[in-house]
Amino acid sequence: FERIELQWRLETLRHEPVVASIWRDLAHQGEKLLDIADDLTIWMHHWIGLAFARAGETAKAQQQLARLRALPEGKASGHWSTLGANLLEGEMALVNGDIETAVRLMAPSVQRIHEMGGGSREQKDIFQDVLLALQRRLGNVDAVIELAQQRLQRNPNHFQSLAAMAWAYE
């Protein structure tokens, strides 16, 4: 699942092309793991959903989104039925080129990312990094500054936030 996250990070943040066959391979591996779906973590289901979306397997991605939405609300699912599902749905919108919808869906979840169950701070960072990059692409200076300041309060050396602040004040 870290391979999926890495490919997504390379593609969305570094704008490096990821060969379509890699996404198909990652989606295929994820599909095999769904044979033991109840033994996977919620995070794994999220990344499998993203791999499906990125590989163009929209119906399978939608099934993973539905799996998240079917979880109990609130703390019982670590907020994955709402916050986590909105992150995945936003990423799916981004795969389809709809940056505005991606930001609309992801921003509230990123603001509450610390409430989501499971995962380390580092595992949650990608969502903040992606939202920051999307806000930059849309030219939303105030949102970029706010996100960058939040990140810099936790890590004064966070490179992406320092770069975003420089961009915002150009």
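The values are calculated or read from the model by the stated rules, or taken from the named source; none is laboratory data. The model shown is predicted, which means the values in this text are computed figures rather than measured ones. When we count neighbours, we look across all protein chains shown, and the Cβ atoms used for this are built from the backbone with ideal geometry, even at glycine. Ligands, DNA and RNA are excluded from the accessible area calculation, which covers all protein heavy atoms including side chains. Shrake-Rupley method; radii C 1.70, N 1.55, O 1.52, S 1.80 Å.
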Identify all residues within region 76-124 that are closer than 23 Å to residue 55 by Cα, of a type in the set (Asp, Glu) and open to solvent by 10 Å² or more (accessible area, probe 1.4 Å); write none if there are none.
89, 98, 100
Residues that are in contact with a Lys or Arg (Cβ under 9 Å, 6 or more places away or on another chain) and over 18 Å from residue 85 (Cα atoms), drawn from region 100-128:
121
Pairs with Cβ under 6 Å, 6+ apart, first in region 58-82 and closer than 17 Å to residue 106 by Cα, second part of a loop (DSSP other than H, G, I, E, B) and aliphatic (A, V, I, L, M):
78/116; 79/116; 80/71; 81/71
What pairs come up if the first residue lies in region 144-156 and is open to solvent by less than 40 Å² (accessible area, probe 1.4 Å) and assigned to a helix (DSSP H, G or I), the second is modelled with pLDDT of 85 or more and not aliphatic (A, V, I, L, M), and their beta carbons are under 8 Å apart, counting only those six or more places apart or on different chains?
144/135; 144/136; 147/128; 147/135; 151/128
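Keeping to region 40-59, report how many residues are open to solvent by 60 Å² or more (accessible area, probe 1.4 Å), of a type outside the set (A, V, I, L, M) and modelled with pLDDT of 95 or more.
Taking region 40-59 first, the residues open to solvent by 60 Å² or more (accessible area, probe 1.4 Å) are 41, 54, 58-59.
Subsequent filtering for residues that are of a type outside the set (A, V, I, L, M) retains 41, 54, 58.
Those left that are additionally modelled with pLDDT of 95 or more: 54, 58.
Within region 40-59, residues that are open to solvent by 60 Å² or more (accessible area, probe 1.4 Å), of a type outside the set (A, V, I, L, M) and modelled with pLDDT of 95 or more number 2.
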Which count do you get for residues in region 1-56 that are under 17 Å from the mean Cα position of the chain (by Cα) and polar (S, T, N, Q)?
3
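Please find, among 3, 14, the residue that is within 18 Å of residue 130 (Cα to Cα), of a type in the set (Lys, Arg) and assigned to a helix (DSSP H, G or I). Give the derivation first.
Working: 14 fails: assigned to a helix (DSSP H, G or I).
3 is the lone residue from the list that is within 18 Å of residue 130 (Cα to Cα), of a type in the set (Lys, Arg) and assigned to a helix (DSSP H, G or I).
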With (1) under 17 Å from residue 6 (Cα atoms); (2) touching a Pro at 6+ places or on another chain (Cβ under 8 Å); (3) of a type in the set (Ser, Thr, Tyr) as the list, and residue 120 as the residue in question, which single condition is left unmet?
(2)
